[in-house]
Amino acid sequence: MKIFRRATSKVLQVVRSRGVFAGLKMVINHLHGERPIQSFDEIKAYFHGKNCLEIGGPSFIFQPKSILSVYVLMNNIDNVNFSSKTVWGDNVLAPNYPRNKLDRQFILEATDLRGIEDKSYDCVFSSHVLEHVANPLRALFEWKRVLKDGGVLLLVVPHKEATFDHNRQVTKLSHLIQDYTNEVDEYDLSHLEEILKSHDLSMDPEAGTYDNFVIRSRDNFNNRCLYHHVFTTESVIYMIDHVGLKILLVATHHPYHIVILCQKMSCVSQNQEIEFHVSNLRLLDKDASWRKSSCFTLDSQRRDGLLRVLVYTITYCYPPISRYIGGGIRRVIQLHNHLERYGVEMYFVGVQSAIRGFFGSSPRIVPVASLLEGKGHYIRKSMLFRVVSFFYYVFMSVIGGIRATVSGNQHIVLAPGETFVITLASYIIARITKRQLIIISHTIPCYGHLWGYEACSFDFSKLNSKSTDTKSMFRFLKGIGMKQLRALFNAVKFTIMFKVMRRSYVITLNPLITVALKRMLGTEKIYEVYPGNGIELMEDLSGKKLFDGIVAGVLSPEKGLFDAIRAWKQVTKEFPESKLAVAGWAVNKQVIDRAIKLINDLGLDKNIKILNNLSEGVDHSTLVNYISKSKLLIYPSRRDVWPLTVCEALGSGVPVVAYDIPTFRYSFNTRGVIKVPLNSISGIAQSICKLLRNNEKYHEVFREATSYAESLTWKNIARKEKRIYLEILKNARVNRGRGK
């Protein structure tokens, strides 16, 4: 009955901390059993029909239907415990082993097995004992002593990353050697101050309040609850190697298990048995196989400090629909180019030819099969073929992403934009592989990125937790002119996205988005890289200006294309020969037709020059070159988060004339960006004329733009981004341990 109450209490504790699903999973695992660790078949042969000694226990992890169910394999089991009664069991002398396999029970210290003869056992095994021992090396030497030649030691210890000791430093081998030399015993409390300071009580509910924890810790000799030392897989390998055992297998298992199988080696020489030492240092190589399969970030980070990120991209055809690359992909391309120097490797999921086409280089690619590979231009295919190709790509890319994440041991799955497919596919990969998902949010789903709909001037300060309801988003979408069925479809889609974002970590590029998302999602798992986009500063800013102004980037009504054209009509009244260039990518053919009609109706066909095919777009380097050859960037956008085009204009020494929307008000605090009241076309025209008229004023603003741009380098942004990745990984480990 007492066992039942204890089990019920444990399940309720899991339900309260991790939710009903986690509690149900725990019950199912106890009733149905857990899947053995992948390497269990290699372990079984060493225990079948053997005489074994367990230090501590009996342990659930070795019970039938558990991840290391070795009890049922053994011939008989002897047990060592420090007392007949412990906090983990009221009476260790009771036959708690399956099929009454317990033979002898010893009440001994793990570091002193006097009374047990040398070379008595085929196997010694222990689960979550060594961390409670004040002198681990002494214990291991004792366990090795009672092993027969060729016998094995199966050791399970907790990894610090997923325990309440995650704030403590890993115990170094030199410290363990010092404890061994000084013959430290179980009365030792030298780590008590560190433990009381760093112990995460939220992950150790059985410890009770802080005062109770202090009392329990000071009475450690009687209860043995303290973790004297904390380990990672690498530190355990160093320790086993020092003791002189040959490591046969290294594995890890959720939530916090390090599993090591090692063997006692000896040989016969001149009728004398000589024990010899086999070095295990090859297992510490940066490319050791256990690092790739480890479920702990601290293990899988190589000793050279590399952090690996899997980036999910929608790149399944090349040439793409347009040659224009949006800000999200452009940002990832630049990060890829700069993060590597700071120890971050990015791996891109996509079709090989497409990614190389977009990047213009050879990044690390997780290749995905595509129905469109080598089939010519995507746009020429039938709608059915395009739809089938798209879903085929998504399916294959998710499968490829899962395989690559597991085999290549990526630490992070990165969704480079907040679009539905990228977010959902990245979430599936991260969920299955148990990696951390990070979503880069350039704007707010539903309320911030609907091309062709008048949502662009929406006030983000009005958003709150109710704004993520399907009903609220449906009403909003209908209110901005979307048809009912499409509005319903998008509302459901955005509801799913918000649920994924709540379960993930989000990086925003703008303070306004950060504040709004925190209100909407009700979570603090939102980080900010500000400024979020960078630029490559042009070295030579003295080139000849071919145009008086340019409208560049994404060309749409909400980005101010038509306002810029109308403003230029007013500019030509003072400057009849002034030239305006238009370059970039139009969101649809209707925008192109409407723009050409407006230019002709206003008689501006000689003043406005379209520099590229607007339906196909223009590559990034060419666009930046066009901007650098213009005196001004005209950017009357009504909705933006962190406009990369504006950054690149400033980096090219080109002043910007824009509407005074929150993005420019709070993000571009420089006179290099001239802000005009929203919807004031005449204000845009007057600001342009003022700069064209006054050469001294123009050069003053030019210098301001250049000076401000120096703070927007990709080098600085890459450093910030890596710091946030590492902070997220650390906080994610803590939250996983707390069941959040």
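The values are calculated or read from the model by the stated rules, or taken from the named source; none is laboratory data. Since the model is a prediction, treat every value here as computed from it, not as a measurement. A quick note on method: Cβ atoms are made from the backbone with ideal geometry, for glycine too, and the neighbour counts reach across all protein chains shown.
Brief remarks follow.
- Selection from the range 188-219 of residues that are more than 33 Å from the chain's Cα centre (by Cα) and in contact (Cβ under 8 Å) with a residue 40 or more places away in the chain: 188
- Residue within the range 89-107 that is modelled with pLDDT of 80 or more, assigned by TED's automatic domain parsing to the domain that holds residue 254 and in contact with a Leu (Cβ under 6 Å, 6 or more places away or on another chain) present: yes
- Residue check for residue 661: hydrophobic (A, V, I, L, M, F, W, C), within 42 Å of the chain's Cα centre (by Cα) and surrounded by fewer than 23 Cβ atoms within 10 Å (Cβ to Cβ): yes
- Only listed residue being crowded, with 19+ Cβ neighbours inside 10 Å, under 35 Å from the mean Cα position of the chain (by Cα), hydroxyl-bearing (Ser, Thr, Tyr) and within 20 Å of residue 580 (Cα to Cα), chosen from 628, 687, 667, 637: 637
- Members of the range 131-186 that are in a loop (DSSP other than H, G, I, E, B), among the charged types (D, E, K, R) and more than 23 Å from residue 295 (Cβ to Cβ): 172, 183, 185, 186
- Of the strands (runs of 3 or more DSSP E) contained entirely in the range 294-378, those carrying at least 3 residues that are modelled with pLDDT of 80 or more fall at 307-312, 344-350.
- Of all residues in the range 696-717, those satisfying the criterion of being among the hydroxyl-bearing types (Ser, Thr, Tyr), assigned to a helix (DSSP H, G or I) and buried (at least 17 other Cβ atoms within 10 Å of the Cβ) are 706, 708.
- Just one of the listed residues (578, 542) is modelled with pLDDT of 90 or more and either over 19 Å from residue 618 (Cα atoms) or over 35 Å from the mean Cα position of the chain (by Cα) (or both), namely 578.
- Entry remark, the range 466-491: residues being at pLDDT 85 or above and either loosely packed, with under 14 Cβ neighbours inside 10 Å or not in a helix (DSSP H, G or I) (or both) number 8 in total.
- Per the conditions (1) among the hydroxyl-bearing types (Ser, Thr, Tyr); (2) buried (at least 19 other Cβ atoms within 10 Å of the Cβ); (3) more than 22 Å from residue 691 (Cβ to Cβ), the sole criterion not satisfied by residue 615 is (2).
- Failed criterion for residue 683 (all others in (1) farther than 15 Å from residue 653 by Cβ; (2) touching a Pro at 6+ places or on another chain (Cβ under 7 Å); (3) touching a residue at least 60 places away in the same chain (Cβ under 8 Å) hold): (3)
- Failed condition for residue 716, given (1) in contact with a Cys (Cβ under 6 Å, 6 or more places away or on another chain); (2) under 30 Å from residue 346 (Cβ atoms): (1)
- Some residue of the range 676-695 being modelled with pLDDT of 80 or more and in a strand (DSSP E or B): yes
- Some residue of the range 164-182 being at positive phi, among the acidic types (Asp, Glu) and free of Cβ contacts under 8 Å to residues at least 60 places away in the same chain: no
- Filtering the range 626-681 to residues that are touching a strand residue (DSSP E or B) at 6+ places or on another chain (Cβ under 6 Å), farther than 13 Å from residue 706 by Cα and of a type in the set (Gly, Ala, Ser) leaves 630, 658.
- Meets criteria (touching a residue at least 60 places away in the same chain (Cβ under 8 Å) and aromatic (Phe, Trp, Tyr)) for residue 725: yes
- Any hit, the range 253-261, residues being β-branched (Val, Ile, Thr), at pLDDT below 85, in the same structural domain as residue 197 (by TED's automatic domain parsing) and assigned to a strand (DSSP E or B): no
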